[in-house]
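See below for the structure under consideration.
The values are calculated or read from the model by the stated rules, or taken from the named source; none is laboratory data. Computed from a predicted model, the values in this text were never measured in an experiment. Methodologically, a virtual Cβ is constructed for each residue, glycine included, from the backbone with ideal geometry; neighbour enumeration extends over all protein chains shown.
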Amino acid sequence: MNNRSKSLFDAALSVMPGGVNSPVRAFNNLRDHPIYFTKGDGPYLFDVDGNRYIDYVGSWGPAIAGHSHPKVVSAVRTQLESGLSFGAPTEIETVLAETIIKSVPSAEKLRMTSSGTEAAMSAIRLARGYTNRELIIKFEGCYHGHGDSLLVKAGSGALTMGVPDSAGVPKDLAHKTVTLTYNDTLGAIAAFRKLGEGIAAVIVEPIAGNMGCIPPVPEFLETLRELTSSHGALLIFDEVMTGFRVGLGGAQKLFEVTPDLTVLGKIIGGGLPVGAIAGKTEIIDFFAPVGPVYQAGTLSGNPLAMASGLATIELVSQKDFHKNLELNTTKLSQELEVLAKKRGVDLCVNHVCGMFGIFFSDQKRICNLTDVQNCDEKKFKLFFNIMLENGINLAPSRFEAGFVSSAHGENELEATLRAAEKAFSML
Ligand SMILES: *Cc1c(COP(=O)(O)O)cnc(C)c1O
């Protein structure tokens, strides 16, 4: 059924580490080989062996209006006719910047990059440059790309300096990042009490999407806002995943907490490589050429990527876009829980507009990374594979969120639930 995917993976294994250019794609611990896709259309992906899948990965977020949306394809095609990249400013960069600034409360000015990683990394440098401090606070289970300062895990004991979470990250640099428990408001207060004067910034996913889907508990984001403000540190929301997904203004609008800096990516590129650091003018102007913090990119603000991002944002700006997306996400999540219960499977499904997290757990609430790690790994693996064999493409890791797009209609949701019911009965 997946013969060609398997042979393509075998070939890839000899020329790329793990056969892939980004680790999660390797399906490690889930299946012996990933699926190779050839085409995306609306809610569907088609693989090299002729199978069709209802897709809940959506290129990890950008395909919020479905794959190959005609308006996005046409915007990219139009730009394509005029050239790919000039290494000089183009008008469309300003148009996309204005569009983002209109929607995202914290955004007064922004700098484009080519990936979320670059944007998060640059936001950290900017925060350090602006505050003239070096310590960074992040939260366990949040992912902010693979910049050195962000590939850090908690040291042993509360409030100790971090240690590298990857080979190749200097220990001395990791010491400058403190990792706390997500949703632990008291932990954040304690960290500021001890280290407050040295903290340049707190970076957080306002809705965590890289350990399944975990919304913030009440007061968590508000407290981070108060702590950073009162200690002269910056609050950075990493909305690479949530930006334009949970609403036009992102999670900051939803929870009415405005950060100093916002990191964006994924949807704002509509499937082409884009990231952005947005925020208060006074802070963003610390970037070169105006300010002393160096940041640059050959393909930053690339016109094709700007065209694709702009077309995608226009689609999500249509009336009731997020209202409908939220209804569908809620329906899918709640029905999954009901079906699991019927089959005696312990399941908790967290969801926010357009994203969900499937947790095989008897816990009522999943709030942090430890909760996620305690979920049933074997059940997830079985579920993932049964769903895949029944034409449902879920994220190939129990630490990743699922994404619903506006192209997922009644038929796709029903088909997904039927496959899930079958899977639950086999767990
Ligand atoms: C995907 C993601 C990133 C990294 O973006 P890339 O474009 O993959 O470098 C950063 N932060 C969050 C929250 C993400 O989901």
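Tabulated values for the structure
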| read-out | value |
| --- | --- |
| Residue count, the range 313-367 (criterion: out of contact with any Phe, Trp or Tyr (no Cβ under 9 Å at 6 or more places or on another chain), surrounded by fewer than 16 Cβ atoms within 10 Å (Cβ to Cβ) and outside any helix (DSSP H, G or I)) | 7 |
| Lone qualifier among Glu140, Glu98 - being more than 26 Å from Gly297 (Cβ to Cβ), at pLDDT 95 or above and among the acidic types (Asp, Glu) | Glu140 |
| Residue in the range 248-264 that is in contact with a Phe, Trp or Tyr (Cβ under 7 Å, 6 or more places away or on another chain), at pLDDT 95 or above and among the basic types (Lys, Arg) present | no |
| Answer from Ala119, Ala167 - the residue that is in contact with a strand residue (DSSP E or B) (Cβ under 6 Å, 6 or more places away or on another chain) and either of a type in the set (Gly, Ala, Ser) or without any contact (Cβ under 8 Å) to a residue 40 or more places away in the chain (or both) | Ala119 |
| Tally of residues being within 10 Å of the ligand (Cβ to nearest atom) and among the charged types (D, E, K, R) across the range 223-242 | 2 |
| Considering residues of the range 112-150 that are more than 19 Å from the chain's Cα centre (by Cα) and assigned to a strand (DSSP E or B) only, the residue farthest from the ligand (Cβ to nearest atom) | Leu135 |
| Selection count where residues are without any contact (Cβ under 8 Å) to a residue 40 or more places away in the chain and part of a loop (DSSP other than H, G, I, E, B), scope the range 29-46 | 3 |
| When residues of the range 162-193 are limited to those that are of a type in the set (Ser, Thr, Tyr) and surrounded by fewer than 21 Cβ atoms within 10 Å (Cβ to Cβ), the one nearest to Ala120 (Cα to Cα) | Ser166 |
| Selection from the range 163-182 of residues that are away from the ligand (no atom under 14 Å from the Cβ) and either among the aromatic types (Phe, Trp, Tyr) or under 17 Å from Asn368 (Cβ atoms) (or both) | Asp165, Val178, Thr179, Leu180, Thr181 |
| Single match in Val104, Val76 (criterion: within 16 Å of the ligand (Cβ to nearest atom), in contact with a Ser or Thr (Cβ under 7 Å, 6 or more places away or on another chain) and at negative phi) | Val104 |
| Qualifying positions in the range 199-222 - within 17 Å of Leu261 (Cα to Cα) and either polar (S, T, N, Q) or more than 14 Å from the ligand (Cβ to nearest atom) (or both) | Ile199, Ala200, Ala201, Val202, Leu221, Glu222 |
| Test: residue in the range 48-57 that is closer than 18 Å to Met355 by Cα and within 16 Å of the ligand (Cβ to nearest atom) | yes |
| The listed residue being in contact with a Phe, Trp or Tyr (Cβ under 7 Å, 6 or more places away or on another chain) and farther than 17 Å from Val204 by Cβ, out of Gly87, Gly66, Gly83, Gly129 | Gly129 |
| Evaluation of Gly196 against (1) away from the ligand (no atom under 16 Å from the Cβ); (2) crowded, with 19+ Cβ neighbours inside 10 Å; (3) in a helix (DSSP H, G or I) (one fails), failing number | (2) |
| Matching residues in the range 151-163 - criterion: being under 24 Å from Gly265 (Cβ atoms) and outside any loop (DSSP other than H, G, I, E, B) | Val152, Lys153 |
| Number of the exception - Ala188 against (1) small (Gly, Ala, Ser); (2) within 16 Å of the ligand (Cβ to nearest atom); (3) in contact (Cβ under 8 Å) with a residue 40 or more places away in the chain | (2) |
| Considering residues of the range 249-307 that are within 12 Å of the ligand (Cβ to nearest atom) and either surrounded by fewer than 24 Cβ atoms within 10 Å (Cβ to Cβ) or of a type in the set (Lys, Arg) (or both) only, the residue nearest to the chain's Cα centre (by Cα) | Lys266 |
